[in-house]
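K.L.:
Have a look at this one before I ask anything.
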Amino acid sequence: MTEPAAVLAGALRSICMELPNHEQYLNELDSALGDGDHGQTISRCVRAIEGSLDAAPDLALPAGLFAAGRAVVATAGGASGALIGSALIAAGRAAQSSPRAQSDARQAADLLAAAGREVAARGRAAPGDKTMLDALEPAAAAARRVADAGGSVAEAIRGAAEAAERGAAATGAMIGRAGRAGRLGERSLGHDDPGAVSTALMLRIAAEYLSGAGEP
């Protein structure tokens with residue numbers, strides 16, 4: 001079985017390759033709710049992550065997450081960059097404290113949950129507020145259900161991606177109560193939250209990577 005650090009690095013590199021292809025789409029989503037630059041911010045995030053991987057490709061799982069998160073915070077800019085970077089750092093802390101005997105699927109669920117808690121705290125958001133948390137929180141819960149049922153890490157991330165996609169799609173019917181959408185209130189109805197959509201995209205890319213890499 002591939003080491004967790006190598007799995008993470010492969011998934012992150014896959015995200016770095018694919019996610020910029022969605023930059024224009026994410027910008028268009030953001031133009032209805034914000035400054036129309038979410039796609040650009042996400043592209044800066046992935047360039048920062050890629051740079052951290054290139055600089056230190058053999059880091060252990062916690063250190064790799066710390067490095068990626070710090071690189072994003074330092075260079076990506078924007079509210080989304082700060083949240084994504086902080087979420088990666090929080091996931092690194094969770095990885096650092098994970099029990100050695102814990103399954104990879106359970107660890108993946110714990111990392112997603114830690115990331116979600118950080119986004120909620122820093123973004124002062126809760127599920128239903130029309131933010132990236134509306135994709136991340138159900139993703140973490142879905143991964144936990146798969147892990148508790150004895151599923152593999154690939155199955156956990158696939159379940160997380162599916163839940164995140166449903167969560168992102170549901171944001172169109174929500175009234176924004178946090179972030180840029182919160183300033184629009186009822187005018188945000190009918191528009192999917194770009195942060196939730198980009199979160200779902202990242203998890204879908206990771207799930208496809210794990211499937212293609214032959215992870216059980």
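The values are calculated or read from the model by the stated rules, or taken from the named source; none is laboratory data. Keep in mind that this is a model prediction, so the values were computed, not measured. Backbone-built Cβ (ideal geometry, glycine too); neighbour counts: all protein chains shown.
K.L.:
Consider segment 114-129. How many of its residues are farther than 18 Å from Gly92 by Cα and in contact with a Leu (Cβ under 8 Å, 6 or more places away or on another chain)? If you could, list the steps in order and put the result at the bottom.
P.N.:
Our first condition is that a residue be farther than 18 Å from Gly92 by Cα; within segment 114-129, this holds for 123-129.
Filter once more, so that each one left must be in contact with a Leu (Cβ under 8 Å, 6 or more places away or on another chain): 123, 125-127.
Qualifying residue count for the region: 4.
K.L.:
Go through segment 33-71 and count every residue that is out of contact with any Ser or Thr (no Cβ under 8 Å at 6 or more places or on another chain), in contact (Cβ under 8 Å) with a residue 12 or more places away in the chain and of a type in the set (A, V, I, L, M).
P.N.:
Qualifying residue count for the region: 9.
K.L.:
Here is a list of conditions, (1) assigned to a helix (DSSP H, G or I); (2) more than 14 Å from Ile205 (Cβ to Cβ), and Gly36 meets all of them except one; can you say which number that is?
P.N.:
(1)
K.L.:
Continuing with this model, one more query. Out of all the residues in segment 187-216, which are in contact (Cβ under 8 Å) with a residue 12 or more places away in the chain, more than 14 Å from Leu33 (Cα to Cα) and surrounded by fewer than 18 Cβ atoms within 10 Å (Cβ to Cβ)? Before you say what the answer is, go through the steps one by one.
P.N.:
Filtering segment 187-216 down to residues in contact (Cβ under 8 Å) with a residue 12 or more places away in the chain leaves 188-211, 213, 215-216.
Applying the additional criterion that residues be more than 14 Å from Leu33 (Cα to Cα) yields 198-211, 213, 215-216.
Those that are in contact (Cβ under 8 Å) with a residue 12 or more places away in the chain, more than 14 Å from Leu33 (Cα to Cα) and surrounded by fewer than 18 Cβ atoms within 10 Å (Cβ to Cβ): Glu208, Ser211, Ala213, Pro216.
K.L.:
If you don't mind, there's one more thing I want to ask. Considering each residue of segment 3-20, count those that are charged (D, E, K, R) and at pLDDT 90 or above, and give that number.
P.N.:
2
K.L.:
Residue pairs, Cβ under 8 Å, 6 or more apart or interchain, first in segment 106-135 and closer than 17 Å to Ala170 by Cα, second part of a helix (DSSP H, G or I) and charged (D, E, K, R). List them.
P.N.:
Pro127/Asp134; Pro127/Glu137; Gly128/Asp134; Ala135/Glu165
K.L.:
Something else now. Where in segment 84-186 are there helices (runs of 4 or more DSSP H), lying fully within it, with 3 or more residues that are surrounded by 24 or more Cβ atoms within 10 Å (Cβ to Cβ)?
P.N.:
Working: elements: 104-123, 133-148, 153-170, 179-184.
Of the helices (runs of 4 or more DSSP H) lying wholly inside segment 84-186, those with at least 3 residues that are surrounded by 24 or more Cβ atoms within 10 Å (Cβ to Cβ) span 104-123, 133-148, 153-170.
K.L.:
Can you go through Ser80, Ser43 and tell me which one is closer than 23 Å to Ala94 by Cβ, surrounded by 17 or more Cβ atoms within 10 Å (Cβ to Cβ), of a type in the set (S, T, N, Q) and within 15 Å of the chain's Cα centre (by Cα)?
P.N.:
Values: Ser43 fails: closer than 23 Å to Ala94 by Cβ.
Only one candidate qualifies: Ser80.
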